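The values are calculated or read from the model by the stated rules, or taken from the named source; none is laboratory data. Because the structure is a prediction, the values reported are computed rather than measured. Every residue, glycine as well, gets a Cβ built from its backbone with ideal geometry; the counts of neighbours run over all protein chains shown.
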Amino acid sequence: MNSESFKPIAQDFGAVVEGFDVNNVTASDKPLLNEALDRFGVLVFPGLDLSESQQLDMARLFGEPSKRSRPSSDRAERSPYADYMGLVTNVRQDGVPIGSLPDGEMWLHHDGCFIDEPYRATILYALEVTTVGGETRFVDMRAVFRSLPEDLVSRVRHLIGTHSFDYRNIAGRPNLGASSELAKSAKHPGVIRHPNSAEPALYLNPLCTIGLEGEGSDFSANEELLDHLFSVIDQSAATFSHRWTKGDLVIWDNWSTCHARNDFPAGETRMLRRNIIKGQKLDAYFK
């Protein structure tokens, strides 16, 4: 049995897990870790040495590992674990990426917001890291919602967000109405009720949310509102950036947080192993 403790990173958002031994996990660790993920939104496990199978076992502590939404025909990975696990890396062989999401900055987003049952959580495990850049920034979307003035809450409370993502273009949002065989799209409430904690969280993000709609709402006003909310999210004080070290495993709650990737030098190798936890339909906080 482990004797975990949780060291907060930014007030009550994010925590470093101390006292965790991957070789000594028992049934009693599972509820403790899940309660911590619900509370802190992001958990950092430093200094681990994990095989692919061990990383999948860790994922099972937080739920059912999900198959990837990216079509197998569009994946570079060919390992036996490729249905559940991918590489986030800029490494190329003969000019072809060996993984996914290879280069550069990625705007703030929720993983899986573009499918009908968004992922519960995402796990990244650091295999190789850069000397500078490549940090992952997290924003607490529960705190963002709590920070909104009443007039903004009244405008967004019953709106529905349309989310879309195209794996071939990670540099910016798809256009509303644009079509692509590889783009996935889904609609979710603009303010969700967290399935575990019942807390409200703003569920919109600059990379994937391409529109807002609702009965009696105005398209141009919704566009203006969305741009304003993107600024609120980006400027939120409820944020921290994780500087990766080899052996770090980070898991985050995709229902209560969004995240972004900072740019990094093209000449340095960045390689992280990624898997996801199956999610569910998200309900509106306001009925």
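A compact table of results
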{"quantity": "The lone exception for Ile160 - which of (1) among the β-branched types (Val, Ile, Thr); (2) under 26 Å from Gly47 (Cβ atoms); (3) at pLDDT 95 or above it fails", "calculated": "(2)"}
{"quantity": "Failed item, numbered, when Asn205 is tested on (1) farther than 18 Å from Met141 by Cβ; (2) in contact with a His (Cβ under 7 Å, 6 or more places away or on another chain); (3) modelled with pLDDT of 95 or more", "calculated": "(1)"}
{"quantity": "Residue list for region 209-220, filter: outside any loop (DSSP other than H, G, I, E, B) and loosely packed, with under 13 Cβ neighbours inside 10 Å", "calculated": "Phe219, Ser220"}
{"quantity": "Top-ranked residue in region 69-90 [being over 25 Å from Ala266 (Cα atoms) and in contact with a Leu (Cβ under 8 Å, 6 or more places away or on another chain); ranked as modelled with the lowest pLDDT]", "calculated": "Pro71"}
{"quantity": "Pick from region 116-127, criterion in contact with a Leu (Cβ under 8 Å, 6 or more places away or on another chain) and not in a loop (DSSP other than H, G, I, E, B), ranking: nearest to Gln280 (Cα to Cα)", "calculated": "Ala121"}
{"quantity": "Which listed residue, of Leu33, Leu48, is assigned to a loop (DSSP other than H, G, I, E, B), among the aliphatic types (A, V, I, L, M) and out of contact with any helix residue (DSSP H, G or I) (no Cβ under 7 Å at 6 or more places or on another chain)", "calculated": "Leu48"}
{"quantity": "Residue match in region 74-85 (condition: surrounded by 18 or more Cβ atoms within 10 Å (Cβ to Cβ), closer than 30 Å to Leu226 by Cβ and in contact (Cβ under 8 Å) with a residue 60 or more places away in the chain)", "calculated": "no"}
{"quantity": "Members of region 91-115 found to be in a loop (DSSP other than H, G, I, E, B), of a type outside the set (A, V, I, L, M, F, W, C) and modelled with pLDDT under 90, listed by number", "calculated": "Asp94, Gly95, Gly99, Pro102, Asp103, Gly104, Glu105"}
{"quantity": "Single match in Phe13, Phe6, Phe40, Phe20 (criterion: touching a residue at least 60 places away in the same chain (Cβ under 8 Å), surrounded by 12 or more Cβ atoms within 10 Å (Cβ to Cβ) and of a type in the set (Phe, Trp, Tyr))", "calculated": "Phe13"}
{"quantity": "Subset of region 234-274 [buried (at least 20 other Cβ atoms within 10 Å of the Cβ) and either free of Cβ contacts under 8 Å to residues at least 40 places away in the same chain or among the β-branched types (Val, Ile, Thr) (or both)]", "calculated": "Thr239, Val250, Ile251, Thr257"}
{"quantity": "Within region 102-140, tally of residues that are among the aromatic types (Phe, Trp, Tyr) and farther than 19 Å from Val16 by Cα", "calculated": "3"}
{"quantity": "Search result, residues across region 184-208 that are part of a loop (DSSP other than H, G, I, E, B), over 19 Å from His228 (Cβ atoms) and in contact (Cβ under 8 Å) with a residue 24 or more places away in the chain", "calculated": "His194, Pro195, Asn196, Ser197, Glu199"}
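For every residue, the table says whether it meets (1) farther than 24 Å from Gly41 by Cα; (2) in a helix (DSSP H, G or I); (3) not acidic (Asp, Glu).
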| residue | (1), (2), (3) |
| --- | --- |
| Asn222 | yes, yes, yes |
| Leu229 | no, yes, yes |
| Val232 | no, yes, yes |
| Trp244 | no, no, yes |
| Ile251 | no, no, yes |
| His259 | no, no, yes |
| Phe264 | yes, no, yes |
| Thr269 | yes, no, yes |
